[in-house]
1. Against the longest principal axis of the chain, how steep is helix 204-215, in degrees 0 to 90 to the nearest 10, with axes from Cα atoms?
2. Out of all Cα-Cα pairs in the chain, roughly what percent, to the nearest whole number, are more than 33 Å apart?
3. Return the subset of 51/269; 374/405; 324/377 for which the Cα-Cα distance in this structure is over 22 Å, preserving the input order.
4. When the chain is modelled as a GNM with alpha-carbon springs shorter than 10 Å, which of 282, 226, 428 fluctuates the most?
5. In the chain, with Lys and Arg counted as +1 and Asp and Glu as -1 at Cβ, which of these residues, 348, 223, 283, has the Cα nearest the positive end of the dipole, that is, farthest along it?
6. What ratio of Cα Rg to 2.2 N^0.38 Å holds for the stretch 301-435?
7. Would you mind listing how long the stretch 379-438 runs along its three principal axes, going by Cα atoms, in whole Å with the largest first?
8. Suppose R0 equals 22 Å; then what is the FRET efficiency for residue 296 and residue 46 from their Cβ-Cβ distance, rounded to the nearest 0.05?
Amino acid sequence: MTDQNEAELSGVPRKRKVAHQSTTLGNHKLHPSTMMMGYGFDPALSEGSLKPPIFLTSTYVFESAADGKRFFEGITGVRPGGAEGLVYSRFNGPNQEILEDRLALWEDAEDALVFSSGMSAIATTFLALVRPGDVIVHSAPLYAATETLIARILGRLGVTFLDFPAGATQAEIEEVMRRAAANGRIAAIYLESPANPTNALVDVEAVRDARAAVLGGGDELPPIIIDNTFLGPIWAQPLRQGADLVIYSLTKYVGGHSDLVAGSVLGSKAAILPVRMTRNTIGTITDPHTAWMLLRSLETLELRMDRAGTNAKLVCEYLRDHPKVERVGYLGFLEPGSRQHDIYTRHCHGAGSTFSVIVRGGEAEAFRLLDHLKLVKLAVSLGGTESLASHPAAMTHLSVAPARKAEFGITDNLVRVSIGVERPDDLIADFDQALAAV
């Protein structure tokens, strides 16, 4: 009997990849950075190829009509458990599934989904959860596009929001949740930590406890969703503090080479399911080539983030003492005993490589710094191999109302910096000559 006949009789589809491999060697647990080299892929199923090929196809051939029916039952949610095989590239594909398997390892998540951008991950998640008249509770500030999505686009559907400052205490968060609950059904609690661009941390444990205190412990609690792009997955794993879903712009550290745009959502299978069903419907999955490039990047993720973090510490130590710098918003400089330092010690494994530089003066001085940098490129985004600097108030957060920018410290003299993997002494020399012109 052939393998195909055996598969048809047993009802088990042939596997295009190995979806689940051992994460241990005997009693030894393997580190995610090691498993990035091969987890979720069997070379024997792809002509012995060491790396997964790029599967540039829109559709997949079923071995039997019964397979096609069963796969669609899983894709559409008619039968629990998800897809048992490959169907159509709007739903799944080998490159995307291998990528999702590997992303989940970093935070020990049950499931993961990949998207065409970080914002499509956020938008799909909200669309999966909100209904007209719902309320979203969120930390502030947020990335400007996320604020626009919540306030303007979801606002057209009758969705309202209430927010609390990133460093709020449990009591302050509870007060906001009570007001939100009085206004309608709370669909989601959305966090961004560290906040963009101020680097203010959110106490995820306080949010978790505030939700329990105000809304109880039932099964229908609004999920806690957190954008962990600035620190994760090396420097923070919010699922451990009580988050239900973690969102990434994979464009940033995970992609890490400023040559792709993608996003992801990680969490439990139950929390992921409605997001998966919505992604299947609207088609916000990433493409096979981008997924393949992200698989490449995951192999060096820890190395790149470790180097960038070390560089950032050295650059920030130089900037902190410069007479033309008012302050450096770097997590490694948090005051011991402060609330932000307490959150940092409980939630974070490192200070990251993205920070803010508040120069003495205003927009003119900030612009002079940006215009005179040579190695550090004047561009938005972060987490790449190269160092970048930008002016949030005039660029990424331009659409935010002036009063709101002032409330959260997004000032005209704030420059956001993302440090890459260059030699730190070269980066310091670049800042030194640029600051001389300020």
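Read-outs throughout are calculated quantities, based only on the coordinates presented, and are distinct from any laboratory measurement. Since this is a predicted model, take the numbers as computed values, not measurements. Glycine also receives a Cβ, built like all others from the backbone with ideal geometry; neighbour counts cover every protein chain displayed.
1. 70 degrees
2. Roughly 38 percent, once rounded to a whole number.
3. Correct reply: 51/269; 374/405.
4. Looking only at 282, 226, 428, the biggest GNM fluctuation is shown by 282.
5. 283
6. That works out to 1.02 for the stretch 301-435.
7. 39, 26, 15
8. 0.90
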